[in-house]
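**Q** I'd like to ask you about the structure that follows.
The values are calculated or read from the model by the stated rules, or taken from the named source; none is laboratory data. Because the structure is a prediction, the values reported are computed rather than measured. Virtual Cβ from ideal backbone geometry, glycine too; neighbours counted across all protein chains shown. Quick note on the areas: whole protein, heavy atoms, side chains included, nothing else; ligands and nucleic acids left out. Shrake-Rupley method; radii C 1.70, N 1.55, O 1.52, S 1.80 Å.
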Amino acid sequence: MTTMTATRIDRGSTGTTTIYSEGGDLVFERIFDAPRDKVWTAFTDPQLVPRWWGPHGTTTTVVEMDVRPGGRWRYVSSAPDREDVAFYGEYLEVDPPERFEWTFMFDVEGVGPQGGPETHTFEDLGGRTRIRSVGHLGSPEVIEGALATGMAAGAIETWDRLEALLAEG
């Protein structure tokens, strides 16, 4: 029996953030210089999320955030040069402080809802934390479409903002 393995394709990795696709998954990884509990809290506290979520120049409003299986979430991203964009979904699994899975959805004008399940893992590295975010987009074609929106650069800027928040102490 022959097993096909997906090819890992770099998608714009930088000195801080590794980005690659593998089959229908888009993966972002980064090590943060902060303990896992603190990084977990930054992702799950509705008071902290607006302080780092989204690229530079955007403002995020947490409309809804119920961090439990079946709980819904909705963030609205605002910027002076575009219409507001809503990101939303449902928490599928929550295992603090190790991982959560949610549906990550957004509406694309003329296309409709886009996105799918996304898994975040938080690996304890003894005072530092590796985050691995895997978007299960389903196909290389969907990944190409997502990357064409500027998603990789936006994710890097978002995680740069998270790094700055975590450094505040």
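**Q** Scan the range 94-117 residue by residue and report those that are in contact with a Pro (Cβ under 8 Å, 6 or more places away or on another chain) and farther than 26 Å from G145 by Cβ.
**A** Scanning the range 94-117 gives a single hit, V94.
**Q** Right, next: Residues in the range 13-21: is at least one open to solvent by less than 40 Å² (accessible area, probe 1.4 Å), in contact with an Asp or Glu (Cβ under 6 Å, 6 or more places away or on another chain) and modelled with pLDDT of 95 or more?
**A** yes
**Q** Looking only at strands (runs of 3 or more DSSP E) that fall completely inside the range 1-85, which ones have 1 or more residues that are of a type in the set (S, T, N, Q)?
**A** 17-22, 59-65, 72-79
**Q** Can you tell me which of A146, A79 is under 17 Å from G12 (Cα atoms) and open to solvent by less than 60 Å² (accessible area, probe 1.4 Å)?
**A** Going through A146, A79 in turn, just one is under 17 Å from G12 (Cα atoms) and open to solvent by less than 60 Å² (accessible area, probe 1.4 Å): A146.
**Q** Kindly list the number of the only condition in (1) under 18 Å from L147 (Cα atoms); (2) open to solvent by 40 Å² or more (accessible area, probe 1.4 Å); (3) of a type in the set (D, E, K, R) that fails for R74.
**A** (1) is the only condition that R74 fails.
**Q** In the range 117-152, which residues are assigned to a helix (DSSP H, G or I) and either under 12 Å from the mean Cα position of the chain (by Cα) or among the charged types (D, E, K, R) (or both)?
**A** Correct list: E141, E144, M151, A152.
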